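Undergrad: Have a look at this one before I ask anything.
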Amino acid sequence: MKILVLLGHPESGSFNHSLAETVVATLERGGHNVVFHDLQAEGFDPMMTAAEIPTDAPLEPEIARHCEELAAAEGIVVVHPNWWGQLPAILKGWIDRVVRPGVAYRFLEGDSGEGIPEGLLKVKTAIVLNTSNTELERELEAFGDPLEGLWARCVFGLCGVEDVRRRNFGVIVTSTDEERATWLEEAAQIVAQAFC
């Protein structure tokens, strides 16, 4: 199976990087064809230009390659921290530039402006692994869960992905080595169960 793995975190030694490494190793052991992007390390430019907006716009080679990889993917795993109830800007920019009409979704013929999309992705299952420094109970009580709605409905749901799974790991800043090891094992199990 072709699985796309995306990492959006600026610090090379972060727990997010450990999560991504665990995901890639688990998928490779399972015999999957893995395409991995550490967006920060690769210097991905998150800034969309006005010239890119039209569906038929000519794309920079890097963006065209990302679009081809997304269109070919049968599964996707995204790893990122929860910053202000959102994903990091580099990952948001990847969505803006790569999750494009004609690649990930299209509007149906005869759509008179209501914007009802048809998902185009082959992806059957999407997994989002994110980290936070707020206790889950406090996060839910004070802020709700904006990342759940963003990934499940606004991004993957719009593109036709029905099976969206998300796991938040935290509190990272006060976690022990033992907790982190347990979380990495859990991440490996989540990925193995989703793509067996």
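Every number in this text was worked out from the coordinates using simple rules, so none of it is lab data. Note that the coordinates shown come from a computational prediction; the quantities given were computed from them, not determined experimentally. Positions of Cβ are backbone-derived with ideal geometry, glycine not excepted, and every protein chain shown enters the neighbour counts.
Undergrad: If R0 is 30 Å, what FRET efficiency do you get for Thr55 and Cys154 from their C-beta distance, rounded to 0.05?
TA: On the way: r = 19 Å, r/R0 = 0.64.
Taking R0 as 30 Å, the efficiency between Thr55 and Cys154 is 0.95.
Undergrad: A follow-up question, please. Nearest 500 deg cm²/dmol is fine: what mean residue ellipticity at 222 nm does the chain get from its DSSP H runs of n ≥ 4 alone, each adding -39,500 (n - 2.57), divided by its residue count? Present the calculation step by step, with values, prior to reporting the outcome.
TA: On the way: 7 runs with 71 residues, N = 196.
After summing the helix terms and dividing by residue count, I get -10500 deg cm²/dmol.
Undergrad: Now, a different point. Can you give the charge dipole size of the chain about its Cα centre, rounded to the nearest 20 debye, using +1 on the beta carbon of Lys and Arg and -1 on the beta carbon of Asp and Glu?
TA: Numbers: 15 positive and 31 negative charges, 62 e Å.
Around 300 debye, computed over the chain.
Undergrad: Could you pull out every whole DSSP H run in the chain that spans at least 24 Å of Cα extent along its own axis and averages -1.0 or higher on the Kyte-Doolittle scale? The partial results should precede the final answer.
TA: Values: long enough: 177-194 (26 Å, -0.51).
Length and hydropathy pass: 177-194.
Undergrad: Let me ask something else about it. Pick from Gly102, Gly110, Gly31 the residue whose mean-square fluctuation is largest in a GNM of the chain, springs joining Cα atoms under 10 Å.
TA: Top of the fluctuation ranking is Gly110.
Undergrad: Can you tell which of Ala20, Ala51, Ala64 shows the greatest fluctuation in a Gaussian network model of the chain with Cα springs below 10 Å?
TA: Ala51
Undergrad: Comparing Thr22, Thr49, Thr131, which has the greatest mean-square fluctuation in the GNM of the chain with Cα pairs linked when under 10 Å apart?
TA: Among Thr22, Thr49, Thr131, the largest mean-square fluctuation in the Gaussian network model of the chain belongs to Thr49.
Undergrad: Hey, with R₀ at 41 Å, roughly what FRET efficiency would Ser18 and Phe107 work out to, going by the Cβ-Cβ distance, to 0.05? Before the final figure, lay out each step's value.
TA: Numbers: r = 40 Å, r/R0 = 0.97.
It comes to 0.55.
Undergrad: Suppose the chain between Lys124 and Arg180 were pulled fully straight at 0.36 nm per residue; how much longer would it get relative to their current alpha carbon spacing?
TA: Numbers: separation 56, 0.36 × 56 = 20.16 nm, distance 2.84 nm.
Extra length from Lys124 to Arg180 when fully extended: 17.3 nm.
Undergrad: Next up: Check the straight Cα-Cα distances from Lys124 and name the aspartates and glutamates below 20 Å, setting aside those fewer than 8 residues away within the same chain.
TA: Counting by Cα, and skipping residues close in sequence, Lys124 has these aspartates and glutamates nearby: Glu28, Glu68, Glu69, Glu74, Glu148, Glu162, Asp163.
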